[in-house]
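A short write-up of the structure that comes next.
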Amino acid sequence: MIRSLVLFVHITGVLAMFAGLALEAFGAESAAKATPRISGIGVALTVLSGFYLGARFGVLGDEWLRASYGGIVVMAAAGTLARRSDAMRRISLGVRAAFGLAVVFLMIAKPDAVVSLVVFALALGVSTLVGLPIGLKQPSGLSSTRA
């Protein structure tokens, strides 16, 4: 019974972290104060319950879990960059979301170290490309409507 309760807390923490990212990305000004609190509670629930589950099942030293620790550290570091500029905030959100999804994948697949690093490299590459301020701009002098 305790394992089910801790697993529920773990999944709830992950959901709270992603809810915090969604609020940061799409929330209104009124959500700005609640977002760090929601994310912080989510991180605490996830990490504490994750350590318990890892110890309970003897996987704390497994390669995929070590890689997950690194992914969580990268997410925390990327979160500090979000305050610098709008462009950095956009890239930071993408990196945190991609690394969060990568950690969820590692929890499910439990791959070796090489695959874990490849997953994070793909997450970093995709999130950086998506976050770059690249837009389709029309050349000057051309108009989309013709008279």
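The one condition from (1) of a type in the set (D, E, K, R); (2) open to solvent by less than 60 Å² (accessible area, probe 1.4 Å); (3) under 23 Å from Gly94 (Cβ atoms) that Asp62 does not meet is (3).
For the range 48-93, the set of residues classified as closer than 30 Å to Ile2 by Cβ, hydrophobic (A, V, I, L, M, F, W, C) and in a helix (DSSP H, G or I) consists of Leu48, Phe51, Leu53, Ala55, Phe57, Trp64, Leu65, Ala67, Ile72, Val73, Met75, Ala76, listed by residue number. The sole residue among Arg37, Arg3, Arg96, Arg90 that is open to solvent by 80 Å² or more (accessible area, probe 1.4 Å), closer than 18 Å to Ala123 by Cβ and of a type in the set (Lys, Arg) is Arg90.
The values are calculated or read from the model by the stated rules, or taken from the named source; none is laboratory data. Nothing here was measured: the structure is a model prediction, and the numbers come from that model. Positions of Cβ are backbone-derived with ideal geometry, glycine not excepted, and every protein chain shown enters the neighbour counts. Surface accessibility is based on the protein's heavy atoms, side chains included, excluding ligands, DNA and RNA. Shrake-Rupley method; radii C 1.70, N 1.55, O 1.52, S 1.80 Å.
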